[in-house]
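Nothing in this text is a laboratory measurement; each read-out follows from the coordinates by a stated rule. Predicted model, so just to flag it, every value in this text is computed and none were measured. Neighbour counts are summed over all protein chains in view; Cβ atoms, including those assigned to glycine, are modelled from backbone coordinates with ideal geometry.
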Amino acid sequence: MQYNNKSKYTKNKYGAIKQTFNGRSYHSKGEAAFAQQLELRKLAGEVVHIKPQHKLPLYVNGDLITSYYIDFKVELADGSFELIEYKGFPTPLWLVKWRLTKALLKAGQLEGENPENTVLILKTQKDLR
């Protein structure tokens, strides 16, 4: 596992600083730290596969409304899945996508995801402590 704290920081408009962990760039320090926690869970055998920036097309009545790139899709050893969003600063657009994703998953209408074995999880900085 590699954690790279770059000397030249790239800030976004919310003050997040991009970070690299295990050769992959993450949108913030918190997201990279959470990726590190997921890797530890994988080493412990709890997690089988981690897919960062998993695309979720959000359809309503057969029409594609938007796509949501959730931070991580995690397959657990028991065959279940976690769709995990690490959020440092919630924006109004993110909140709409989050609520739509939650409703579509609950209704069994989130393409490619089974509500019987998939949970939607929101993580924040306090979860890293």
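Using 0.36 nm times the number of residues separating residue 122 and residue 44, minus their current alpha carbon distance, what extension gain do you get?
Working: separation 78, 0.36 × 78 = 28.08 nm, distance 2.20 nm.
The span from residue 122 to residue 44 would gain 25.9 nm if fully extended.
Computed from the coordinates I sent, Cα Rg over 2.2 N^0.38 Å equals one of (i) 1.67; (ii) 1.83; (iii) 1.10. Tell me the label.
(iii)
Can you tell me how the stretch 60-129 classifies by the Cα gyration tensor, rounded, prolate or oblate, using a/c under 1.5 as the rounded cut? Please report the intermediate quantities before stating the final value.
Details: a/c = 2.41, a/b = 1.11, b/c = 2.17.
Cα axes put the stretch 60-129 in the oblate bin.
Measure nothing but the geometry: give the 0 to 90° angle between the long axis through the Cα atoms of 92-106 and the longest principal axis through the Cα atoms of the chain, rounded to 10°.
Once rounded, one gets 50 degrees.
If Lys and Arg each add +1 and Asp and Glu each add -1, what is the summed charge of the other residues whose beta carbon sits under 12 Å from the beta carbon of residue 64?
Every neighbour counted, the sum reads -1.
Given the -39500 (n - 2.57) contribution per DSSP H run of 4+ residues, what per-residue ellipticity at 222 nm results for the chain, rounded to the nearest 500 deg cm²/dmol?
Estimated from H runs of four or more residues: -7500 deg cm²/dmol.
Taking the chain as a Gaussian network, where each spring joins two C-alpha atoms under 10 Å apart, which residue of 86, 59, 26 fluctuates the most?
Of the options given, 59 has the highest mean-square fluctuation.
Looking at this model, which pairs from 106/126; 42/102; 18/123; 42/97; 73/123; 29/97 are more than 20 angstrom apart at the alpha-carbon?
106/126; 42/102; 42/97; 29/97
Please identify, among 117, 22, 61, the residue showing maximal mean-square fluctuation in a Gaussian network model of the chain using a 10 angstrom Cα cutoff.
Looking only at 117, 22, 61, the largest GNM fluctuation is found for 61.
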